[in-house]
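The values are calculated or read from the model by the stated rules, or taken from the named source; none is laboratory data. Keep in mind that this is a model prediction, so the values were computed, not measured. So basically every Cβ, Gly included, is an ideal-geometry build from the backbone, and we count neighbours across all protein chains shown. Ligands, DNA and RNA are excluded from the accessible area calculation, which covers all protein heavy atoms including side chains. Shrake-Rupley method; radii C 1.70, N 1.55, O 1.52, S 1.80 Å.
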Amino acid sequence: MKRTFLMTPGPSPVPSFVLKGLAKEIIHHRTDEFRAVLEDVDKGLKSVFSTANPVLILASSGTGAMEAAVSNLFSKEDKIITISGGKFGERWTEIGTVYGLNVVNMDIEWGNQPSLEDLNQLLDKNPDAKAVLTTLTETSTGTVFDVKSIAEICSKRGLLSIIDAISGLGQDLFLTDEWGVDVVVSGSQKGLMLPPGLGFISLSEKAKRALTNSNLPKYYFDLSKALKSYAKNDTPYTPAVSLIVGLKESLDYINKEGVIARCGRFAKMAIAAQKAAKSLGLDLFSKSPSASVTAICSPESIKSSEIVGILRKEHGLSIAGGQAKLKDKIFRIAHMGWINEKDLISCFSLLESVLQKLGHKFKPGSSLSVLEEVFHG
Ligand SMILES: *Cc1c(COP(=O)(O)O)cnc(C)c1O
C-alpha cells in the first residue's frame, strides 16, 4: 500500500502510541473503567487549553463545536460581531446567520490580522452586541490573530469572547484563563494528533450564565445537558469511546512536553519554514504568520495546485493548496501535532525538487541550509 504523509492543516498524522489507544477493544461507557479515562482526559484537556473551566467533548468535527457555541449562547436576533479574514472566520458568520442572529461582520483583508482600533470603533457603534467571535489561527491564510488583545477588549466591555482555536491549539500560544477568553472551540484532527471526529468546547462562568438565557433550538448539542453529565464525570449520550481512549494517549504526550514549551518549539519550526521559503525566492502570504501552518505564495508562473499535485502523486507527501480566492495562488505547509523538524526538512527537500521540475529558479539546497541553521546553528 502506498503511504501518504500528511503535512496538511488537518488531518495531521496520528502517532503509533495514539493508534494503539484507538485500536483497544471497545469498553462500555457507563463503567468505572471509562470514567477513569474521562477523568484523566479532563485533566489533560484543561492543561492543553490552559483553563480551569470545563472542556466538553462532542462527537463531531470542530464545526459541530462552533455550531454548539452559537446555538447555546444566544437567542434569536441577538447581535454578534464576527471577525473574519479567511475561510474559517467566515464560518462564524454563516452559522450565526443560519440561527437567525443579527450578525455584524468585520471583514479584514485575507492574510492580515484585525486592527484593534477598528474593532473598538465597531463595538462603539454596536453597544448592543453580545459577543465577538473570531479565530486564533486562520488556517486558510496561515495567520495568527492577537486573540489576547481581542479578549481584553471583550472583557472590558462585558462581551463574551468566543474563539475558534481548532487549528492553532498546541502550536500557537493560547492561554484561555490568563487572557480571559470565555469560550474556546477545538477539534481532534489538528494539533491533538487524533483522527477527525471529536469537537471540544470550554466555557467560562460568564459563558455558563449565558447558556441559561439562550432560546435557540438544540438537542444533541445541548451544552447545559452536557454540563450536567460532565459534573458527574459522564456524558449525555454514547461518547466516541475509542477516540477518547486515543485522546488520553495524545494528551499525556503533549502534557509531558508541556503546552507552552511545545508552542515555543512550533514557533521555531514556523520561523524555519518562513526563512526556508524566502531562501527559495518565495513570498509568505500572511503578515502575521502562525506557528501551526505556513502559507507560501506560488511563483507567478506556477499554479500552486501543480506543486501540491506532484508532491502527493510522485512523493506521497500531502500539503494543502489555497482555498476559495486563494486557489492556485498559495500552498500551505502544516507544522502541527506530530510533525517535527525532520519532517519539515524532508518537505522542503521534496519541494525543492518539484519547484526545479516546474522551472522555478533558485540555488538548490538553500532551503535545507536555512533549516539546518535554524535547528542546529
Ligand atoms: C479545520 C478548521 C475548522 C473546521 O473544522 P472541522 O473539523 O473540519 O469541522 C474550523 N476552523 C479552523 C480554524 C480550522 O482550521
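A few remarks follow.
- Percent antiparallel among DSSP beta bridges (both partners in the chain, rounded to 5): 50
- For the pair region 63-77 / region 288-362, the C-alpha centres are spaced 35 Å from each other.
- Checking every one of the trypsin sites (Lys or Arg not before Pro) in region 246-324 against DSSP loop status and a limit of 13 other Cβ atoms within 10 Å picks out Lys287.
- Prolate/oblate/rounded call for region 125-273, Cα gyration tensor, a/c under 1.5 rounded: oblate
- Applying the criteria of a DSSP loop state and at most 10 other Cβ atoms within 10 Å to the trypsin sites (Lys or Arg not before Pro) of region 329-372 yields Lys361.
- Solvent-accessible surface (1.4 Å probe) assigned to Lys148 amounts to roughly 90 Å².
- Here's the list of aspartates and glutamates a cross-link from Lys329 could span, going by alpha-carbon distance under 16 Å and ignoring same-chain residues fewer than 8 apart: Glu109, Asp283, Glu300, Glu306.
- Under the combined filter of DSSP loop state and at most 12 neighbouring Cβ atoms within 10 Å, region 199-300 retains these GluC sites (Glu not before Pro): Glu300.
- Legend: residues Thr4, Thr238, Thr134, Thr31, sorted from most to least accessible area (1.4 Å probe; ligands, DNA and RNA excluded), read Thr238, Thr4, Thr31, Thr134.
- In Å², nearest 10: area of Asp328 left accessible to a 1.4 Å probe: 40
- Here Leu6 sits with roughly 50 square angstrom of accessible surface, probe radius 1.4 Å.
- Ranking of Arg157, Arg209, Arg35 by solvent-accessible surface, largest first: Arg209, Arg157, Arg35 (1.4 Å probe, protein heavy atoms only, all chains present).
- Under-5 Å amide H pairs with Ala131, H placed in peptide plane, nonlocal only: Ile81, Leu160
- The chain: calculated mean residue ellipticity at 222 nm from DSSP helix runs of at least 4, using -39500 (n - 2.57): -14000 deg cm²/dmol
- DSSP bridge pairs, region 103-261: antiparallel proportion in percent, nearest 5: 45
- Among Thr97, Thr51, the sequence by solvent-accessible area, most first, with a 1.4 Å probe is Thr97, Thr51.
- Exposed-site-free run, longest, the chain (rule: chymotrypsin sites (Phe, Trp or Tyr not before Pro); DSSP loop; at most 14 other C-beta within 10 Å): 1-218
- Centre separation in Å (Cα based) which lies between region 246-271 and region 166-197: 11
- Cross-link partners for Lys79 among the lysines, with Cα-Cα distance under 24 Å and sequence neighbours closer than 8 places in the same chain left out: Lys87, Lys125, Lys130, Lys148, Lys156, Lys206, Lys208, Lys218.
- Probe 1.4 Å, accessible area per residue of the chain, Å²: 42
- Phi angles of region 320-328 translate, via the Karplus equation with coefficients 6.51, -1.76, 1.60 and θ = phi - 60°, into HN-Hα couplings of 10, x, x, 9, 6, 6, 9, 3, 6 Hz per residue; Gly and Pro are given as x.
- Pairwise label distance in nanometres, Glu372 with Ser16, each label 7 Å out on the Cα-Cβ vector: 2.9
- Within the accessible area of the chain, the carbon and sulfur atoms contribute 53%, probe 1.4 Å, all protein chains present.
- Karplus 3J(HN,Hα) series, Hz, for region 180-191 with 6.51 cos²θ - 1.76 cosθ + 1.60 (x for Gly, Pro): x, 7, 7, 10, 10, 10, 8, x, 8, 9, 10, x
- Counting only Cα atoms, region 16-257 measures 55, 35, 28 Å along its principal axes, largest extent leading.
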